[in-house]
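Chemist: My questions all concern the structure below.
The values are calculated or read from the model by the stated rules, or taken from the named source; none is laboratory data. All figures in this text were calculated on a predicted structure; none of them were measured in a lab. For neighbour counting, all protein chains shown are included, and Cβ atoms are generated from backbone atoms with ideal geometry for every residue, glycine included. When the accessible area is computed, the model is the full protein with side chains, heavy atoms only, and any ligands, DNA or RNA have been set aside. Shrake-Rupley method; radii C 1.70, N 1.55, O 1.52, S 1.80 Å.
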There are 6 protein chains.
Amino acid sequence: MPLKTLIVDEEVAYSGEQLRPHWAFQTFGLLGDSAVAFLGPCDVQPEHMRDIEDLMSASRIYSENMLHFIIEHFGEGLDLAVWRQRVFMAIIAEALNARLGRPAIRRVGSDLYDGEDKLSVSVASVSLVSSLIHAGVNISSRNTPVSTRGLEDYGIAARDFAEEILRAYARECESALKARCKVRPVQ
Amino acid sequence: MPLKTLIVDEEVAYSGEQLRPHWAFQTFGLLGDSAVAFLGPCDVQPEHMRDIEDLMSASRIYSENMLHFIIEHFGEGLDLAVWRQRVFMAIIAEALNARLGRPAIRRVGSDLYDGEDKLSVSVASVSLVSSLIHAGVNISSRNTPVSTRGLEDYGIAARDFAEEILRAYARECESALKARCKVRPVQ
Amino acid sequence: MPLKTLIVDEEVAYSGEQLRPHWAFQTFGLLGDSAVAFLGPCDVQPEHMRDIEDLMSASRIYSENMLHFIIEHFGEGLDLAVWRQRVFMAIIAEALNARLGRPAIRRVGSDLYDGEDKLSVSVASVSLVSSLIHAGVNISSRNTPVSTRGLEDYGIAARDFAEEILRAYARECESALKARCKVRPVQ
Amino acid sequence: MPLKTLIVDEEVAYSGEQLRPHWAFQTFGLLGDSAVAFLGPCDVQPEHMRDIEDLMSASRIYSENMLHFIIEHFGEGLDLAVWRQRVFMAIIAEALNARLGRPAIRRVGSDLYDGEDKLSVSVASVSLVSSLIHAGVNISSRNTPVSTRGLEDYGIAARDFAEEILRAYARECESALKARCKVRPVQ
Amino acid sequence: MPLKTLIVDEEVAYSGEQLRPHWAFQTFGLLGDSAVAFLGPCDVQPEHMRDIEDLMSASRIYSENMLHFIIEHFGEGLDLAVWRQRVFMAIIAEALNARLGRPAIRRVGSDLYDGEDKLSVSVASVSLVSSLIHAGVNISSRNTPVSTRGLEDYGIAARDFAEEILRAYARECESALKARCKVRPVQ
Amino acid sequence: MPLKTLIVDEEVAYSGEQLRPHWAFQTFGLLGDSAVAFLGPCDVQPEHMRDIEDLMSASRIYSENMLHFIIEHFGEGLDLAVWRQRVFMAIIAEALNARLGRPAIRRVGSDLYDGEDKLSVSVASVSLVSSLIHAGVNISSRNTPVSTRGLEDYGIAARDFAEEILRAYARECESALKARCKVRPVQ
C-alpha cells in the first residue's frame, strides 16, 4: 500500500508512548504504512525509551518544542527500519541544507548536527507486526540537556517543513518499492 | 563480520559482469561483506544490465572514467539492499557537498544530480546468497550519453574521495549493526 | 502497491515461458504486483513445466483454448504463493458456482473439477524476486489429454468472467493487506 | 510435522483468551501445528479482541453457541496466516454449499454470509513463535448483535461438520506442503 | 559482528531471569552477539521457565552449583537457535570426552548424559530482537532432582573449562559465518 | 513433514551433480525433506564444486570409496543449513567415537579428523527452494589427495553405519522441530 501521510493540526506532547504499533490507525484512522508529523514538546520517560544506551546513561530526551515524525511499516523488521531511518534523516538534512543554501547540517548515523549542536533525536524499533521510527527535529533550542539548534534558529516554519519532508519520504518509499520490482536478480 | 573495504590499485573496466556474488572474494580474497572501489571506464552490456527499465529503453550505461563501488552483503535481500543503496548515495552527496562548501548535489532516490547534470549510475540487485550494489560516480564528464558532471569538474581527486566514502560507509554499517543490538522492541 | 490487473486483448499462446519474473512489466509495462488475464491455447513444453511430478509422469499440459491468469507478487516466497494460489482457485470456483446456481465445481487443492471432469491447470512457483502463479481455466473442452469441462460448456463468456475474477482477486489482495495492518499480535 | 486435529468433547466458552501460542499443547497435549474444534458460546472481551477495528467500533463478538476452530502453525508469520485463514473459510463455505446443494454461502475475505446474514467470525493473528487463527461458525442464530444464520438453521450437526472441516483442512495443509516440495523455481 | 565472550568473575545465581534480550549489554556492556559464562547455583522459577513441558510437569530446574552460559544472537529466529544450541552442546560433549579420554558423555538433542546421569540443562528461546540460549553444566552433582554428574566428579576446573568452551564456540561462529560467504548457490 | 530417509542399494558415483534440489524426489520418489545415503567413489568436477575456496585452490575432492549423505530441507536458507551441517558432522563423530570406544575423532567445523588424517568432505549450499548438504565419509583411505582415514581402517561396515547415522539424524530433526513448538518466547 502507498504510504499514508498526515500532519496533525493539534499539538501533541511526545512521551514515547506514541511509538507503538497501530498508533496512527487508532488515533487518526490511517490504516497501513504511515508517516505522521506533529508539533509539541518532547519528554520521554524511561519506560518508553527504546535505546538501551539512553536508559543506561539516564539520558534525558527532552525538548520544549519539536517537529515529530512517527513512521510505521507493517511486515518489516528492525534491520530494514535502521536503514530506512538513516534515509529519513538524510532527507531532513538534505532539505535543511537546501533551504540554508550551505551544507551546514551533518548527518552522523541517525543524528543531525550543526557544528557541535544537536538538531534531532531519533530511534528505530520493531514490534511483532511492524517497524517503528520516531524522529524529532528541534523547533526550539532552549533549555535542552545538550547544546542544540532548532528550526526557529534557521527561520524555518515547522509545518511547511513537515510537508516537504513527508512528501519527500513518500516519494522515496514509492521509488524504493518500484526499484524492487524492476531489477533482475544475479544468477 | 565487519565490512571489508579495498581500493584497487589497477584500473578496472566496469562491464556489469563484476556485479556478482563472491566477486570480491574470488578477485581480491575479501571473504564476507565488502565494499571495493576502483577507477576505470564504464560500459555495461545489455546482458549485464540489472534494471529492466534500462534494458527496455535501450539505455547506454557508459562513462569514459568513473569511480566505481561494488558492495556485497551476505544473507540479505533486495528490500534492504535498496535502502542501503540510498544511504550510500546520500553519503556520497554529503561528502561532495561538504567538499564543495555548498549543497550543489541533489540525491533523487539512487541518482545524484548537479542541476540537470547527472553524476552517477547505480543499481541494487540480489543473488541467492547476497545483495549487491554498484555505484559509479563520473570522474570524466566527456562523451556521456546524457549531460553529466564528474569529479574532475569539481577538482576532486578520485582515490582520495574513494577512501573517504569507504570509511564513511564502513562507519555507517558498524553503527547500523550496533543500533540493531541496543534497541528494545515495542510490545 | 495495489495489485495491477489487465486483460490482454490479443490471443496469447501459453507455453509456460510467460511464467517468469517481470513478464507483465516487460510485455505490458505493469510495474509491481500484477494479475494478467488472456485467452489462448495452452501447450507447456517440458523445459517450462514447473511441477516435477508433471515432468516425471510426462504429462501433457494442453488445451485448445483457455482463460489464463499470470499472477506475480514481489518480495514473497513459495509458501505464501501456494496459499494465495488456493485462494485464487477458490475465487474461481465460487464465481463459477454462483453463475451456475449450483455448487457443481469442487476445488481440490489447486485443481477444479466438475464431477470427474477437470476444469483447470495451475502451478505456483518462485523466482529470486517474486512469486509466480499460473492458472488456466478451460474455455474449450475438446481434445484435452483427460476428460475436461470448459467455460463454453457452461455458456460463460471468458472475457467477462476474467474481469470478474481479476476484480475479486484485487479485492482479496487489498483486504488481506488491510487485515495484516489492523490486528494486534498475541503476547 | 503433519497437522494434529482434535474435536473437544466438552463445551468450551470462547473468550478470546484461547487464541494464544501453545494453548493446544498446554490444554490437550497437542505438540506442533494443530487445529482444534469445540462447541460453546462466544463472548470476546475487549482485552482479547485482536482486530483493532472491532475494538475501535466497540463491536460485540457474541454468539450463544458456535462451532469454534483454533488453528496454530509454528514458525509462520501474519502474512501467511491471513491467506491460510481465507482458504480455511473457503473450505467451510465449500462444505456448507455442498451440503445445502446450492451456492447459498458467500465468502467475503474471511467472513461468510448467507444473503445479508452473517454466519461466522474469524481473526488471524501472530505471536513470536506461531500464527494463530480463530474461526467461529454460528450454531445458534438467536440473540446475536447482527442478523445471523447458524448450522441449526440448515439442520447441520455441528460435530459431524467439524470432523469434515478438520479433515479437509488437514488434507489442504498436506497438499500445500507437498506442492512446495515439488516445484522447480524460475531462474 | 564477531561474538563477544566473557567469563564473569563473581558468582551469579541463575534464576532464568537472565535469559532476556540485552542482558549481556545491560549487565556487562557487551554490545552485539555474545556468550557469557558464569558460575553459581541454578533455581529457575516457573515464570522464567521457557520450556512448556517443564512447566507442565512441574519440573524443578535446580543445581547447587553450575557452569552457566548465556548466548545471544541478534536478528535470528528460533529455528536457527535450536540448531546452534545443539552444536553448542556437542562442543561441550566433545571437550568433556577429550578431557576424559573416553567417549563417556552422550549428547541427546540438547541434553548431555553420562550413562543415566544428567550433566546439563539447556533451553533455546527467542525474543523479538534476538535468539537466546541458556546452557548449564553441573559442577556439583549433590541434591539434584534427578541423578546427575558434575564437573567436580570428573576433576575438571569449571573456569578453565568455560574458557575452552567459549573459545571453541567463538571459533565455530566465525567459521560458520565464513562458510556462508564462500559457497556458491545451486541453480 | 517428517524427514524421509533412504539407503540406496546400488553404488552411486558422486560427482557433485547430485547436490541439487529435488534430486531425491526425481531419483527415488522421496517427496519432501530427505536424507539419502549411498556408497561409491567421489570425484567432484570444478563446475559442481560449491565451496569457492576449493575452486580457487584447485583442490581435488576425490576418494575411491565413500559413504555419502545428501540432505535436503525445503523452505530453509543457508544460515540454518550451515548449523544443521555441523550437527550432522557431530552426529557422525559421536557415532564413530562410541564405536571406537575412545574420542579419536575430532570435529573441526564441518570436517572430521583422526589426528592429522582427514575422514570426511562436506559442503552446505542452498537453492531457491531448499537447503542442501553433502557429507562424505571415507570408506577407503587409499589414493586420496591428502592423508586420510576411512571406515575400513576402523573395521566399520558402511551400510550399517549409514543406518545408524540416518536414524540419529531423523531423531535430531524430530526433536528440533518439537523444541521449536514447546518453548515460550521471551517478552
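Chemist: When averaged across all projection directions, what area in nm² does the alpha-carbon convex hull of the stretch F:37-109 cover?
Modeler: 6.3
Chemist: When the C-alpha atoms of the stretch D:73-152 are aligned to their principal axes, what extent does each axis show, in angstrom, from largest down?
Modeler: 38, 27, 17
Chemist: Per residue, how much accessible area does the stretch B:1-123 show when a 1.4 Å probe rolls over the protein heavy atoms, in square angstrom?
Modeler: Each residue of the stretch B:1-123 exposes 36 Å² on average to a 1.4 Å probe.
Chemist: Leaving ligands, DNA and RNA out of it, report the carbon-plus-sulfur percent of the accessible area of the protein assembly as shown at a 1.4 Å probe.
Modeler: C and S atoms contribute 47 percent here.
Chemist: So what's the angle, to the nearest 10 degrees on a 0 to 90 scale, between helix C:158-181 and the longest Cα principal axis of chain C?
Modeler: It works out to around 30 degrees.
Chemist: Now, a different point. Normalised by the residues of chain D, what does the relative contact order come to in percent, with Cα pairs under 8 Å and at least six apart?
Modeler: 22
Chemist: How high is the relative contact order of the stretch E:124-187, in percent, counting Cα pairs under 8 Å that sit 6 or more residues apart?
Modeler: Reported relative contact order: 16 percent.
Chemist: I've got another one for you. Tell me: how much accessible area in total is hidden between E and B, 1.4 Å probe, Å², nearest 100?
Modeler: Protein heavy atoms only, the E-B interface buries about 1800 Å².
Chemist: Among the lysines, which fall within straight-line cross-link reach of F:LYS178, defined as a Cα-Cα distance under 26 Å, with same-chain neighbours fewer than 8 residues apart omitted?
Modeler: D:LYS4, D:LYS178, D:LYS182, E:LYS118, F:LYS4
Chemist: I would also like to ask the following. Before rounding to the nearest 500, sum -39500 (n - 2.57) across all DSSP H runs of length at least 4 in chain B and divide by the residue total; then give [θ] at 222 nm in deg cm²/dmol.
Modeler: Value at 222 nm, helices only, nearest 500: -10000 deg cm²/dmol.
Chemist: What's the Cα-based Rg to Rh of chain D, Rh via Kirkwood?
Modeler: 0.96
Chemist: Hey, another quick one. What is the sum of charges around B:LEU6, taking Lys and Arg as +1, Asp and Glu as -1, for the other residues whose C-beta is under 14 Å from the C-beta of B:LEU6?
Modeler: In short, -2.
Chemist: Taking the alpha-carbon centroid of each part, what is the distance from the stretch C:110-160 to the stretch E:102-142 in angstrom?
Modeler: 54
Chemist: Follow-up question, since we're still on this one. Please get the size of the charge dipole for chain E, origin at its Cα centre, with Cβ charges of +1 on Lys and Arg and -1 on Asp and Glu, quoted in debye to the nearest 20.
Modeler: Computed charge dipole of chain E: roughly 840 debye.
Chemist: Next question, about the same structure. Plugging the Kirkwood radius over Cα pairs into Stokes-Einstein for the stretch F:1-65, at a temperature of 37 °C and a viscosity of 0.692 mPa s, what D comes out in µm²/s?
Modeler: Stokes-Einstein gives a translational diffusion coefficient of 251 µm²/s.
Chemist: Lys/Arg Cβ at +1, Asp/Glu Cβ at -1, dipole of the stretch C:25-106 taken about the Cα centre: which of C:PHE69, C:ALA35, C:ASN97 is farthest positive-ward?
Modeler: Going by the charge dipole, the pick is C:ASN97.
Chemist: Same structure, new question: Residue by residue through F:99-110, how many Cβ atoms from other chains fall within 10 Å of the Cβ on average?
Modeler: Mean partner shielding for this stretch: 4.
Chemist: If you don't mind, another one. Work out, in µm²/s and without decimals, the Stokes-Einstein translational diffusion coefficient of the protein assembly as shown at 4 °C, 1.567 mPa s, Rh from Kirkwood over C-alpha pairs.
Modeler: Value of D from the Cα-based Kirkwood radius: 41 µm²/s.
Chemist: Turning to a different aspect of this structure: For label points placed 7 Å from Cα toward Cβ, what is the shortest-first list of nm distances from C:GLU116 to its copies?
Modeler: For C:GLU116, the other copies' label points sit at 4.6, 6.2, 7.3, 7.3, 9.0 nm, shortest first.
Chemist: How high is the relative contact order of the stretch B:1-75? Use alpha-carbon pairs under 8 Å, at least six apart in sequence, and give a whole percent.
Modeler: Reported as a whole number, the value is 37 percent.
Chemist: OK, next. Just to confirm the number: angle between the C-alpha axis of helix E:78-100 and the first principal axis of chain E, 0 to 90 degrees, nearest 10?
Modeler: Relative to chain E, helix E:78-100 is tipped by roughly 60 degrees.
Chemist: Next question. Sort C:GLU64, B:GLU47, D:GLU172 from largest to smallest accessible area, using a 1.4 Å probe on the heavy atoms of the protein chains.
Modeler: B:GLU47, C:GLU64, D:GLU172
Chemist: Moving on to the next point. Could you list, bin by bin from short to long, the percent of Cα-Cα pairs of the stretch B:120-187 in 10 Å steps?
Modeler: Result returned by the calculation: 15, 31, 31, 16, 6, 1.
Chemist: Please work out the FRET efficiency for the pair C:VAL146 and B:ASN143, using the Cβ-Cβ distance as r and a Förster radius of 56 Å; give the result to the nearest 0.05.
Modeler: 0.35
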